[in-house]
Amino acid sequence: MDEFDAIVIGAGFAGLYQLYRLRELGFTAQGFEAGDGVGGTWYWNRYPGARCDVESMDYSYSFSEELEQEWEWTERYPTQPEILRYLNYVADRFDLRGLIKLATRVTSVVYDNETNRWTVETNRGDVVSARYIIAATGCLSLWQIPAFDGLESFRGSTFHTGNWPRDDIDFAGRRVGVIGTGSTGIQAIPQIAKQAEHLFVFQRTPNYSVPARNHLLTAEYQVSRKKTYREYRERAKYSGGGHSAILPTKSALEETNADRLAEYERRWERGGAPLMQMSYTDLMTSREANQTIAEFVRGKIREIVTDAETAAKLTPVDYPFGAKRLCVDIDYFETYNRGNVTLVDVRSAPIEKITERGIVTGGYEYELDAIVFATGYDAITGPLLNLNIRGRDGRALNDAWSAGPRAYLGLQVAGFPNLFTITGPGSPSVISNMVVSIEQHVDWICECLMHLREHDIESVEPLIEAQEAWVAHVNEAAAATLFPLAKSWYLGDNIPGKPRVFMPYVAGVGAYRRKCEEVVANGYDGFVMTSRQEREVAISK
Ligand code: NAP
């Protein structure tokens, strides 16, 4: 059996950087990646309109100044093909491909008490052993299609946005149904509408969405940003969401109505998520403050969508602005003014079944040639539970997390020694700029592994008390916000039977990073570290 210091699962932003750092530090490592190329999320999500709604010059690695300086982003919000090119460039530039086995899915990860090593098996028959397991599996990689009756009988083509084919799909002349109006559906719908003969959008919950106002980046802008990249990145690391923005200092309720509207208008014109993050301090903590922005966006929907009935259906009314993940779009609401687009409300009349010809709802069968499922993911915990992890004494992670995820700092789980999760539950993860959070986790893990090596320590895992206190703190932080007031994948609401727990840590990447630094400064406070001798004594008892 091949033996490594570390196995890294996944070769997206997280896995690539993790492999790079391990190699630089002299650890032997093997990466496994289910896709037949690197890129993770950006490998799989090839649906029309896919792009990131964090600005490109923020949504990029900061670990190499050379990389930062030589890579040229072309648009404010990068498209999927551009991000995938960037990640492939990174894989080549840092010579990482030799460390990764592609088209290889990890099927089990099992800890051995006696040897303090993990055995990893894959669908290609690999059986390898490692001291450390680093799950770089992404938060939104386990896509899901709801169990619609009759799904298998449909005679047309079906697609899930998170598993989009590599070939170009042409919807010209076809009647297409899209189920789902989250960030993905909202990006895909305007693009599919341009091609399809007719597009039917099956919407259960309307979403708040803000225009992206995407544009090409000028050479001057890139040069000026690159000159100040270091200070910029440093500010991002200690910010709220992982962008170097000037945070608001004022409550929305301190402002006059006219000034507040002017502020929202200015940010709406500028485009993007800063409308939520940077306008006022209390949009996500005060219902009254939130109501001001929610009403502003509702007004915009009514202004854009010409048919009043369609506008009303598209208007979110029963949850706070931003409590479901805020969407950022290009011509989303405008798309409903096209003659070839029909909005079908499947909240008042849920999808009854899928037939060989199409989708049945409200007693009517919508005949379709293709169905696009933009129905989301078993987020954050799904990809980890899918690895079939068994820790000390054969305990399955699925059992340890049967009432919801329990992890210390989103980095480690008690009872699973030397297993690390990058952007795991209880860390800022999806509430932040993922690249900033990924780099911080990888750096923290590497510092920890160096500490173990230098001090001849064989294993690290959280103390149960520290883990429980952290989980309680993560829950308290979420409870102080409006996030739990919406049904969302942040809470696992989209997966039947999934425990309702708010998974990301909402207090900001700066507060979180300081906590992680403090833990290290206090001798890995909350972690238990065991030398070989101590472990052998424990086993012999
Ligand atoms: P999502 O936000 O979970 O949206 C899934 C959609 O499918 C929702 O509209 C949901 O309705 C609908 N749906 C699920 N089951 C249904 C059913 N049985 N009947 C009818 N409708 C059903 O998934 P997503 O849009 O793929 O986005 C997931 C996350 O990926 C985003 O929140 C974001 O973090 C990330 N993402 C980012 C970008 C970007 O950077 N621009 C782009 C895409 C995705 P309900 O709301 O009623 O459940």
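The table below lists the values:
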| read-out | value |
| --- | --- |
| Per residue value of the accessible surface for the chain (all protein chains in place, 1.4 Å probe), Å² | 41 Å² |
| In range of the label at Ser108: residues from segment 116-159 whose backbone nitrogen is under 11 Å from the point 7 Å along Cα→Cβ | 119-122 |
| Lys, Arg +1 and Asp, Glu -1 on Cβ, resulting dipole of the chain about Cα centre, debye, nearest 20 | 500 debye |
| 5 Å binning of all Cα-Cα separations within segment 422-541, expressed as whole percents from 0 upward | 2, 10, 16, 20, 17, 13, 9, 7, 4, 1, 0 |
| Segment 59-162 - Debye-derived log10 I(q)/I(0), Cα point model, q = 0.09, 0.21 Å⁻¹ | -0.44, -1.18 |
| Karplus-derived 3J(HN,Hα), 6.51/-1.76/1.60, for each residue of segment 44-59, Hz, glycine and proline x | 7, 8, 9, 5, x, x, 5, 7, 8, 9, 9, 5, 4, 6, 9, 8 |
| Percentage, to the nearest whole number, of Cα pairs in segment 222-270 over 12 Å apart | 72 percent |
| Trypsin sites (Lys or Arg not before Pro) lying in DSSP loop within segment 137-242, provided at most 13 other Cβ fall within 10 Å | Arg155, Arg166 |
| Rounded Å value of the spacing that divides the Cα centres of segment 12-86 and segment 333-391 | 29 Å |
| Mean residue ellipticity (222 nm) of the chain, computed from DSSP H runs ≥ 4 via -39,500 (n - 2.57), nearest 500 | -10000 deg cm²/dmol |
| Integer Hz, Karplus 6.51/-1.76/1.60 couplings in order for segment 379-393, x for Gly and Pro | 7, 6, 7, x, x, 6, 5, 5, 7, 6, 8, 10, x, 4, 6 |
| Kyte-Doolittle at least 0.0, axis length at least 24 Å by Cα - qualifying DSSP helices, the chain | 434-454 |
| Among Val460, Ser488, Cys446 - extreme Cα towards positive end, dipole of segment 436-514, charges at beta-carbon | Ser488 |
| Inter-site label distance for Leu67 and Tyr364 at 7 Å from Cα along Cβ, in nm | 5.1 nm |
| Long-range amide H partners of Val210 with built H, under 5 Å | Cys327, Val328, Asp329 |
| Distance between segment 223-302 and segment 408-453 - C-alpha centres, whole angstrom | 28 Å |
| Thr28 long-range amide H proximity, modeled H, under 5 Å | Asp5, Ala6 |
| Positive-end residue of Ile330, Ala308, Ala258, charge dipole of segment 188-336 with Cβ unit charges | Ile330 |
| Kirkwood Rh and Cα Rg combined as Rg over Rh, evaluated for segment 121-271 | 1.06 |
| Dipole axis of the chain (+1 Lys, Arg; -1 Asp, Glu on Cβ), positive-most option in Gly426, Ile371, Gly125 | Ile371 |
| Built amide H within the under 5 Å cut-off of Ser427, gap 5+ | Tyr505 |
| For the chain, the longest site-free run once GluC sites (Glu not before Pro) in DSSP loop states with at most 16 other Cβ atoms within 10 Å are removed | 357-541 |
| Of all accessible heavy-atom area on the chain, the percent that carbon and sulfur account for (1.4 Å) | 49 percent |
| Rg over Rh, two decimals, the chain (C-alpha only, Kirkwood Rh) | 0.97 |
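The values are calculated or read from the model by the stated rules, or taken from the named source; none is laboratory data. All figures in this text were calculated on a predicted structure; none of them were measured in a lab. Please note: Cβ atoms are built from the backbone with ideal geometry, for glycine as well, and neighbour counts cover all protein chains shown. Quick note on the areas: whole protein, heavy atoms, side chains included, nothing else; ligands and nucleic acids left out. Shrake-Rupley method; radii C 1.70, N 1.55, O 1.52, S 1.80 Å.
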